[in-house]
Amino acid sequence: MKILIFDHSEALAKQSAALVQACVAQKPNAVLGFATGSTPVETYQQLIKLHQAGQLDFSKVTTFNLDEYYGLPADNDQSYSYFMRVNLFDHINIPAGSTNLLSGIAPDPKAECERYDQLIESHGGIDLQIVGIGKNGHIAFNEPSDEFLMHSHLVNLTENTIQANSRFFESPDQVPTQALTMGSGQIFKARQILMLATGEGKAQAIHDTLHGPVTPRCPSSILQLHPDTVILLDRAAASMLD
């Protein structure tokens, strides 16, 4: 893995956006994987700036998102579909039909996950996948468990994850307790992975990701085995690295 450490989050975001830009320049019809949460927002802002400057064309790009809350419709302002529209898709020239997310209101979550995986495969897989990391080492909503799961699936969120996400909702009772997520194996199949992490609260998870054993108890540790992963950190997130 390649590890890049930055003095502040803006520099990190500019570099991650530049890597996305390079991918699309090399392959205009690239398949990009996107993440939600607070960490990638600055990267999306930089992508918008590159597009507005005429330096990044999304017209032939296809995107897939890592996950979606189960039980929330796409027009709910806390859904990840809504998040992506507000923070990126509404500001770039990507066709609406080229953005793909799991449906949070699918009546059959297993069938929805199978559909999503098949759709990814039909596009030749993901060229570049952006991921964040949770304090417990989760990537997407792959929580610590006894095994790495290959395919997209419905997951029961841990209490720690629910508490971490409660800041986005008016009350803890409104926080979804389940989500649909790509599996660790599906994420691992991306040809390039960019992991973004900022803040001291992620330092232990980053240490365990890079220096701990490869174990589903720390789902992000699987990236130690990936042939092309770039870890982008601010100094606080990197504070526990040797």
> Which semi-axes, in whole Å and largest first, does the equivalent ellipsoid of the range 20-119 have when worked out from the alpha carbon gyration tensor as the square roots of 5 times its eigenvalues?
Replying inline: 25, 16, 10
> Which length gain, in nm to one decimal place, applies between Lys27 and Glu159 when the Cα-Cα distance is subtracted from 0.36 nm times their residue separation?
Replying inline: 43.5 nm
> Build a GNM of the chain with springs between Cα atoms under 10 Å: which of Glu147, Glu170, Glu112 gets the top mean-square fluctuation?
Replying inline: Glu170
> How long is the gain from Phe169 to Ser122 if the chain were fully straight, where each residue apart is worth 0.36 nm and the alpha carbon distance is subtracted?
Replying inline: 13.4 nm
>> Once you place label points 7 Å from the Cα toward the Cβ at His151 and Gln224, how far apart are they in nm?
In response: 2.9
> All other residues with a Cβ under 15 Å from the Cβ of Pro227 taken together, and with Lys, Arg as +1 and Asp, Glu as -1, what is their net charge?
Replying inline: +1
> Based on Cα positions only, what radius of gyration and what Dmax would you give for the range 114-221, in angstroms?
Replying inline: 14.3, 41
> When the Karplus curve 6.51 cos²θ - 1.76 cosθ + 1.60 is applied with θ = phi - 60°, which whole-Hz ³J(HN,Hα) does each residue of the range 41-49 get, with x for Gly and Pro?
Replying inline: 4, 5, 4, 5, 4, 5, 5, 4, 4
>> Using +1 at the C-beta of Lys and Arg and -1 at the C-beta of Asp and Glu, which of Val86, Pro144, Gly134 has the Cα lying farthest in the positive direction of the dipole of the range 40-148?
In response: Val86
> Once you put a point 7 Å from the Cα of Gln178 and another 7 Å from the Cα of His211, both along the Cβ direction, what distance in nm separates them?
Replying inline: 4.0
> Zone of Val41 (label point 7 Å along Cα→Cβ, backbone N under 17 Å): which residues in the range 62-77?
Replying inline: 77
>> Past 20 Å, Cα to Cα: identify those pairs from Lys27/Lys189; Lys49/Lys202; Lys27/Lys60; Lys135/Lys189; Lys2/Lys189, in the order given.
In response: Lys49/Lys202; Lys135/Lys189
> the range 194-242 to the range 121-164: how many Å between their Cα centroids?
Replying inline: 14
> Between Asp77 and Asp242, what length comes free when the chain is fully extended (0.36 nm per residue of separation minus the Cα-Cα distance, one decimal in nm)?
Replying inline: 55.3 nm
> Where does the chain land at 222 nm, in deg cm²/dmol rounded to the nearest 500, when only DSSP H runs of n ≥ 4 count, each adding -39500 (n - 2.57), divided by all residues?
Replying inline: -9000 deg cm²/dmol
> Which of Ala17, Ala106, Ala96 moves most in a GNM of the chain, Cα contacts under 10 Å?
Replying inline: Ala96
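A short reminder: the numbers here are calculations on the coordinates, not readings from a lab. Not measured: the values here are computed from a predicted model. Here Cβ is always computed from backbone atoms with ideal geometry, including for glycine, and neighbour counts include all displayed protein chains.
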